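Data first, discussion second: the structure below is written as structure tokens.
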Amino acid sequence: LRVAESGGDLVQSGGSLRLSCTALGFTLEASPIGWFRQAPGKEREGIACIDNTGDLIKYADSVKGRFTISRDNTKTTAYLQLDTLKPEDTATYYCATVRALHYCSLLSVTYAYWGHGTQVTVSS
């Protein structure tokens, strides 16, 4: 059981990207999704999460108002829309999930299954 991220790219400051998180080998119907990022030399940061219903959403202050988390109706893919990107958003972005948990958290210890990450680079 694992998840896989995609959609990372090199983009100019002010640009947008949409990251995807796809479950492999299981559905996400009963699972929350967390998005995290880690820049070189920095700790992993929880930036957004969504619960299994889509009703509970949380954002870190660093991305609030610029990033939007969502999940599709089939519950197999989640997304992170990144708008108004800044050079300080440059990082490897990870999605994570855990089975049968009916809330979401920005704490990495909450999640059991992680992807390998997708690189987002924002040039100034």
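The values are calculated or read from the model by the stated rules, or taken from the named source; none is laboratory data. As the structure is a prediction and not an experimental result, all values here were calculated from the model. Reconstructed Cβ throughout: ideal geometry from the backbone, glycine too, with neighbour counts over all protein chains shown. For the accessible areas, the whole protein counts, side chains as well, though only heavy atoms, and no ligand, DNA or RNA atoms are used. Shrake-Rupley method; radii C 1.70, N 1.55, O 1.52, S 1.80 Å.
Positive-end ranking of L101, G14, A39 along the dipole of the chain, with charges on Cβ about the Cα centre, is headed by L101. Note on K86: aspartates and glutamates with a C-alpha under 15 Å away, same-chain residues under 8 apart excluded, are D9, D61. Restricting the stretch 1-89 to chymotrypsin sites (Phe, Trp or Tyr not before Pro) that sit in a DSSP loop and have at most 16 other Cβ atoms within 10 Å of their own Cβ leaves F26. For the chain, the carbon plus sulfur part of the accessible surface works out to 48%, probe radius 1.4 Å. Of all aspartates and glutamates in the structure, the ones whose alpha carbon falls short of 20 Å from that of K64, not counting any fewer than 8 places away in one chain, are E43, E45, D51, D55, D83, E88, D89. Taking a ≥ b ≥ c as the square roots of the eigenvalues of the alpha-carbon gyration tensor, the chain is classed prolate because a/c is 1.5 or more and a/b outweighs b/c. The alpha carbon centroids of the stretch 85-115 and the stretch 32-63 are separated by 5 Å.
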